[in-house]
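Presented below is the structure to which this report refers.
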Amino acid sequence: MIQPSIANKSVTLHILKTFGIYTSKKLGQNFLIAPEIVDQIVAAAEINPHDDVLEIGPGIGTLTQGLAETGCRVTAVELDRRLIDVLAKTLAGYDNVRVIHGDILKIDISREIAAKKYKVVANLPYYITTPIIMRLLEERWPIDILVTMVQKEVAQRMVAVPGSKDFGALSVAVQYYAEPQIVLNVPPNAFLPPPAVESAVIRCRIRSTPAVQAKKESVFFRVVKAAFAQRRKTLQNALQSAGLTKEQVQYILAAAEIDGIRRGETCSLAEFGRIADAWVDMDGRID
Ligand code: SAM
């Protein structure tokens, strides 16, 4: 290791004190202090020295250091201006790390990483976990693996199967683009300060083609959104709320061979695809 490991409580406290930094709750700053968790995140991303890795929210550089030690090229995007100076010091010994001051929800990442494919590794700020994950999936950033720390209940929703209580629009969206898997659960005391919730590391292998070949992707997601907008409603009623008449919904569900008294949460991705395609077949102009 080029510099002393950051991933422990005393070094983290020392760095924060030296730079006079108080962690910001608003920015979701819970820094990792467990070296074994850093190692497991890096291992889960299956990194080799030729990889390009995007890290979202490097903080004081704890996970960044673990990534840099593999020899890969790391691009790290941090929003908090105060931490840019800290990172310049804590990662000074690594010439394979580039830190960018910016907002991951706004940045044009294609201007920052030229590689054809890269990996995303992060301990995400929990206040914007879903917008970040949805941005990189929907915009189809050229990623093959995403490994990230998230709130445990978000991880459970991402991997949930049809019919389970956690299955919802997030499950469908993530599973449409990727194959998610929970790698490990992480207790609050692995962070400084400890968050109020349990955490989990999730690995998503990004699919080369979506799980469902819908005729119109936008209609697929319209159906999913309507189906979960009011979870207790039957599909027949939920789809009517999406602006269709009773007869149109009956026609679509009959063509898709789906019983209208079912609830959206029981439908597989393929079944949502059949409903969407039946809708497109009925109304070729829909977008
Ligand atoms: N990676 C470090 C670690 O594991 O110890 C820090 C993780 S901390 C949970 C989340 C980090 O994301 C913080 O450093 C925070 O300032 C940063 N952050 C918050 N919102 C951000 C945004 N919109 N864009 C980039 N970074 C952000």
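Values quoted throughout were computed directly from the atomic coordinates according to the rules given, and no laboratory measurement underlies them. The structure presented is a predicted model; accordingly, all values stated were derived computationally and were not measured. Cβ atoms come from the backbone with ideal geometry, glycine included; neighbour counts cover every protein chain shown.
Looking at (1) in a helix (DSSP H, G or I); (2) loosely packed, with under 15 Cβ neighbours inside 10 Å; (3) in contact (Cβ under 8 Å) with a residue 12 or more places away in the chain, which is the only condition Glu247 fails?
Every listed condition holds for Glu247 apart from (3).
Scan region 43-55 for residues that are surrounded by fewer than 21 Cβ atoms within 10 Å (Cβ to Cβ) and either on the phi < 0 side of the Ramachandran plot or within 12 Å of the ligand (Cβ to nearest atom) (or both) and report the count.
Residues that pass the stated criteria total 6.
When the residues of region 56-99 are filtered to those that are under 18 Å from Pro125 (Cα atoms), of a type in the set (A, V, I, L, M, F, W, C) and assigned to a loop (DSSP other than H, G, I, E, B), which remaining residue is nearest to the ligand (Cβ to nearest atom)?
Checked region 56-99; the qualifying residue nearest to the ligand (Cβ to nearest atom) is Leu79.
Which of the residues that make up region 56-72 are surrounded by fewer than 19 Cβ atoms within 10 Å (Cβ to Cβ) and closer than 23 Å to Ser110 by Cα?
Matches in region 56-72: Gly71 only.
Hey, can you tell me all the residues within region 22-42 that are in a loop (DSSP other than H, G, I, E, B) and more than 9 Å from the ligand (Cβ to nearest atom)?
Listed by number, the residues that qualify are Tyr22, Lys25, Ala34.
So is Phe220 buried (at least 21 other Cβ atoms within 10 Å of the Cβ), touching a Phe, Trp or Tyr at 6+ places or on another chain (Cβ under 7 Å) and under 30 Å from Leu67 (Cα atoms) or not?
So Phe220 does not fit the description; no.
Can you confirm whether Ala7 is buried (at least 19 other Cβ atoms within 10 Å of the Cβ) and either assigned to a loop (DSSP other than H, G, I, E, B) or not β-branched (Val, Ile, Thr) (or both)?
Yes: the conditions hold for Ala7.
Could you count how many residues in region 10-21 are assigned to a loop (DSSP other than H, G, I, E, B) and out of contact with any Leu (no Cβ under 8 Å at 6 or more places or on another chain)?
Selection size over region 10-21: 2.
Looking at region 100-118, which of its residues are surrounded by 11 or more Cβ atoms within 10 Å (Cβ to Cβ) and more than 10 Å from the ligand (Cβ to nearest atom)?
Across region 100-118, the qualifying residues are Ile109, Glu112, Ile113, Ala115, Lys117, Tyr118.
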